[in-house]
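Colleague: This is the structure I have questions about; it appears just below.
The values are calculated or read from the model by the stated rules, or taken from the named source; none is laboratory data. All figures in this text were calculated on a predicted structure; none of them were measured in a lab. Backbone-built Cβ (ideal geometry, glycine too); neighbour counts: all protein chains shown.
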Amino acid sequence: MKLLANILGLALAVAATFVACGAAASLALGSQSLSAGSAAVTACGGLNSLTATRNVSNAGNVTQVNVGGIPTACSGETLSVTLVGAANASLGSGTATLGSCGATCSATFSSFGTVSAANVTGYSFGLAGS
Amino acid sequence: MRRLAIVVAVTLGLGCSAAFAATLSVGTWHLWAGSQTLRKAQCTVTGATDTYADESHPTTNNSASTTLAEQPDANKRQWIYLQFDLTACNIPTSGGADSATLSLFESSAPKNASRTITLAPVQSTWPANLPFATALALTYGTSTASFATGTTNSVAIPITVTADVDSFIKSPSTAFGWRISDGSAPVTGDQAIFNSSEAAANKPQLVINYEK
């Protein structure tokens, strides 16, 4: 009986230890609970100068969006751009992986479908990478 | 005792796996989100630098004429040149045209059938007197705009020129305006005449809806 009690006690102690490990493991990579640990999420550089311009067809539809002012440190990261319309509606979007950058870095997006430039009130950007 | 050892070993093994999963590095991610807001406005430019080159009078200076003539006839070709000054609009080169409409007042239309007239961006400066030989030597960009003359006199014709004006905004140093010409085969009565910027009224006008 005493042996059984010892075994049970030991098992409980071991289980308690690994419940903690399990909890740590459950800080899932997608849970954004990273800030609770040691992970720091930062931008790849000063991005205040990031701006977009666009080209239009003669009918006034957006044919291409050019994003410039991207820091060279962002080379290889993923940039997404969204054409924003009234009430912050998304009119179209594109994603590109930034290639090797020289002195400056830029990206070009196309294939937005039929989006009238007159309806585009702004752009929103997202930049992610490691 | 042996069972106890097995239980402990298995439990340790599973626990180590969990601990390994927990050490997957997440400390090097870069994330950033931002936005850019556009402002919309309109600019109207009335009057332009304009003239027409006339093959049958190859050295005549037509820059002060109140009319602009064009026709495709052999040895009598007439080409109109029109350049607007967009500096008053104060549109930055980072801006762009959402839409742009050129309005020409057609005082005399082709007599028998409507003609298709094309606008070709001129790629260099041109002199006000514009001899026909000089016009022939100019280079032109790809045409993106055209219009039908119709056969009715004294009508204003709106012409969509958004793509060209967008380029003029982004690259002002290359905004030399357009050559307006009829590239189709000549027929009787195919000449069209428009008011120039020297006319008393109904001058060429460019309306730009733009963003910046």
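Here's the yes/no breakdown for (1) part of a strand (DSSP E or B); (2) surrounded by 21 or more Cβ atoms within 10 Å (Cβ to Cβ); (3) among the small types (Gly, Ala, Ser):
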site: B:LEU104; (1), (2), (3): yes, yes, no
site: B:ASN112; (1), (2), (3): no, no, no
site: B:LEU119; (1), (2), (3): yes, yes, no
site: B:GLY189; (1), (2), (3): no, no, yes
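Colleague: Also: Residues to consider are A:SER100, A:SER90; find the one that is among the polar types (S, T, N, Q), more than 11 Å from every other protein chain (Cβ to nearest Cβ) and closer than 18 Å to B:GLN36 by Cα.
Modeller: Within the list A:SER100, A:SER90, the selection yields A:SER90.
Colleague: Quick check, is B:LEU86 modelled with pLDDT of 60 or more and not aromatic (Phe, Trp, Tyr)?
Modeller: yes
Colleague: Test B:SER35 against the criterion of being modelled with pLDDT under 95 and surrounded by fewer than 17 Cβ atoms within 10 Å (Cβ to Cβ), and give yes or no.
Modeller: Considered against the rule, which asks whether it is modelled with pLDDT under 95 and surrounded by fewer than 17 Cβ atoms within 10 Å (Cβ to Cβ), B:SER35 comes out as yes.
Colleague: Looking only at the range A:103-121, which residues are within 14 Å of chain B (Cβ to nearest Cβ) and farther than 25 Å from B:HIS30 by Cβ?
Modeller: Once the filter is applied, which keeps residues that are within 14 Å of chain B (Cβ to nearest Cβ) and farther than 25 Å from B:HIS30 by Cβ, the range A:103-121 yields A:VAL115, A:SER116, A:ALA117, A:ALA118, A:ASN119, A:VAL120, A:THR121.
Colleague: Within the range B:38-87, can you find the residues that are under 23 Å from the mean Cα position of the chain (by Cα) and hydroxyl-bearing (Ser, Thr, Tyr)?
Modeller: B:THR44, B:THR46, B:THR49, B:THR51, B:TYR52, B:TYR81, B:THR87
Colleague: Additional query: If you go through the range B:201-212, how many residues are within 14 Å of chain A (Cβ to nearest Cβ) and assigned to a loop (DSSP other than H, G, I, E, B)?
Modeller: 1
Colleague: Checking the conditions here, which among A:SER124, A:SER106, A:SER80 is outside any loop (DSSP other than H, G, I, E, B) and over 16 Å from A:CYS44 (Cβ atoms)? Give the derivation first.
Modeller: On the way: A:SER106 fails: over 16 Å from A:CYS44 (Cβ atoms); A:SER80 fails: over 16 Å from A:CYS44 (Cβ atoms).
On inspection, the qualifying residue turns out to be A:SER124.
Colleague: Given the options B:SER184, B:SER173, name the one that is surrounded by fewer than 18 Cβ atoms within 10 Å (Cβ to Cβ), hydroxyl-bearing (Ser, Thr, Tyr) and part of a helix (DSSP H, G or I).
Modeller: Exactly one of B:SER184, B:SER173 is surrounded by fewer than 18 Cβ atoms within 10 Å (Cβ to Cβ), hydroxyl-bearing (Ser, Thr, Tyr) and part of a helix (DSSP H, G or I), namely B:SER173.
Colleague: What residue, among those in the range B:151-200 that are acidic (Asp, Glu) and either within 14 Å of chain A (Cβ to nearest Cβ) or under 23 Å from the mean Cα position of the chain (by Cα) (or both), is nearest to B:GLN123 (Cα to Cα)? Let's see the steps before the verdict.
Modeller: Step one: list which residues in the range B:151-200 are acidic (Asp, Glu), which gives B:164, B:166, B:182, B:190, B:198.
Filter again for either within 14 Å of chain A (Cβ to nearest Cβ) or under 23 Å from the mean Cα position of the chain (by Cα) (or both), leaving B:164, B:166, B:182.
Details: B:ASP164: 12, B:ASP166: 15, B:ASP182: 19 Å.
By that ranking, first place goes to B:ASP164.
Colleague: Among the listed residues B:ASP85, B:ASP98, which satisfies the condition of being within 14 Å of another protein chain (Cβ to nearest Cβ) and either crowded, with 21+ Cβ neighbours inside 10 Å or in contact (Cβ under 8 Å) with a residue 12 or more places away in the chain (or both)?
Modeller: So the residue among B:ASP85, B:ASP98 that is within 14 Å of another protein chain (Cβ to nearest Cβ) and either crowded, with 21+ Cβ neighbours inside 10 Å or in contact (Cβ under 8 Å) with a residue 12 or more places away in the chain (or both) is B:ASP98.
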